[in-house]
Amino acid sequence: MWHVSVSVWSGARQITAPELAEKEAIRCLRGVGNDREWWIWNEGAKVGHLRVGVTDAEVELMPAGVAQHDAGETGPERPRSAR
């Protein structure tokens, strides 16, 4: 699973901006993964997490012993926002 965590800062202060964080997370994972994703915003930490499933071709490139599953909350599954 591809995974990116994003927080938004204004100067030295972390701010609550889930829409902006989600937009940046989608940009960061453009070009990798399959057609499903999971987004969750952690309000307490002010951090968003976007996870994208790997393709069969990406799995074939992984060396033995590399984790293929992510732990933790995933949010609702949905079609990819952007590829």
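The values are calculated or read from the model by the stated rules, or taken from the named source; none is laboratory data. Remember, predicted model here, so these are calculated numbers, not experimental data. So basically every Cβ, Gly included, is an ideal-geometry build from the backbone, and we count neighbours across all protein chains shown. Side chains included, ligands, DNA and RNA excluded: accessible areas come from the protein's heavy atoms. Shrake-Rupley method; radii C 1.70, N 1.55, O 1.52, S 1.80 Å.
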Could you give the nm distance between label points at Cys28 and Asp56, where each point is 7 Å from its Cα heading toward the beta carbon?
-> 3.0 nm
Mean residue ellipticity (222 nm) of the chain, computed from DSSP H runs ≥ 4 via -39,500 (n - 2.57), nearest 500 | -5500 deg cm²/dmol
If you take all C-alpha pairs in region 31-83, what percent of them are over 13 Å apart?
-> 64 percent
With every protein chain in place, the chain: carbon and sulfur % of accessible area (1.4 Å) | 54 percent
In a Gaussian network model over the chain where Cα atoms closer than 10 Å are linked, find which of Leu29, Leu61, Leu50 has the largest mean-square fluctuation.
-> Leu61
So which GluC sites (Glu not before Pro) in region 23-71 are both in a DSSP loop and have at most 10 other Cβ atoms within 10 Å of their Cβ?
-> Glu43
So what is the relative contact order for the chain, in percent, with contacts set as C-alpha pairs under 8 Å and at least six apart?
-> 37 percent
Semi-axes, largest first, in whole Å: what does sqrt of 5 times each Cα gyration tensor eigenvalue give for region 1-73?
-> 26, 12, 10
Determine the per residue accessible area of the chain with all protein chains present and a 1.4 angstrom probe, expressed in square angstrom.
-> 64 Å²
